[in-house]
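Derivation of every value follows stated rules applied to the coordinates shown; laboratory data play no part. Just so we're clear, the structure is a prediction, and the values are computed from it rather than from any experiment. Heads up, the Cβs are rebuilt from the backbone with ideal geometry, glycines too, and the neighbour counts pull from every protein chain shown.
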Amino acid sequence: MSTSTIKNRKARYEYSIEETFEAGIVLKGTEVKSLRDGKASIGESFAFLQDGEVWINGMYIKRYEYGSYTNHDERRKRKLLLNKKEIREMNKAVQKKGYTLVPLKVYFKKGYAKILIGIGKGKKRYDKRRDIKEKDIKREIDRKVKGSYKVDL
């Protein structure tokens with residue numbers, strides 16, 4: 001089994017992330033096994049607050065191949081584990097207009113499944129174009145710099 005990191009690649013393109021929180025995820029046994037195999041996706045998922053708790057919905061974890069009748073539902077709502085202080089901070093941020101909780105990546109830390117949740121504000125189309133342009137310029141500069149250093153031995 002390989003431990004892999006599942007990333008939400010569209011998240012940083014669609015949102016400007018202002019703050020991040022690391023949360024534990026309440027999982028069932030077969031979910032952990034599928035997650036360790038990297039058979040999951042958080043591309044369409046979203047996090048929300050409900051009754052003073054943080055939940056993630058739409059997170060896809062493939063059914064475990066060797067699971068029996070105890071196998072899990074692939075897109076069930078999962079609880080996230082955070083401190084009360086962090087939940088209050090998230091709640092305060094989400095109350096502001098335009099802010100939302102965005103799942104950024106899922107990974108394992110000391111044997112426990114963790115998820116990185118960001119507080120993000122949706123980007124406008126012109127912000128996205130500016131980011132792409134800056135990225136292209138940086139890539140071009142890196143190419144030029146890499147090619148200009150020649151060492152003669």
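Some notes on this structure:
- Label selected from [x] 17.5; [y] 18.3; [z] 15.5, the criterion being Kirkwood radius over Cα pairs in Å as computed here: [x]
- FRET efficiency for residue 109 and residue 135, using Cβ-Cβ distance with R0 set to 30 Å, rounded to 0.05: 0.55
- Karplus-derived 3J(HN,Hα), 6.51/-1.76/1.60, for each residue of segment 134-142, Hz, glycine and proline x: 4, 5, 5, 4, 4, 4, 5, 4, 4
- Length-normalised contact order for segment 6-123 - Cα pairs under 8 Å, 6+ apart - percent: 37 percent
- Normalised contact order of segment 84-130, rounded percent, pairs of Cα under 8 Å and 6 or more residues apart: 31 percent
- Highest-first arrangement of 109-115, 5-11, 59-65, where packing means the average Cβ count within 10 Å: 59-65, 5-11, 109-115
- Exceeding the 18 Å Cα-Cα cut-off - candidates 10/144; 10/121; 79/110; 7/138; 105/135; 39/110: 10/144; 79/110; 7/138; 105/135; 39/110
- Of the residues 27, 83, 41, the one whose Cα sits farthest towards the positive end of the charge dipole of the chain is 41 (charges of +1 on Lys and Arg Cβ, -1 on Asp and Glu Cβ, taken about the Cα centre).
- Dipole magnitude for segment 6-123: about 180 debye, using +1 per Lys or Arg Cβ and -1 per Asp or Glu Cβ, origin at the Cα centre.
- Computed label-point distance, nm, for sites residue 74 and residue 143 using a 7 Å Cα→Cβ extension: 3.9 nm
- With the simple model of a label 7 Å out from the Cα in the direction of the Cβ, residue 17 to residue 37 spans 2.7 nm.
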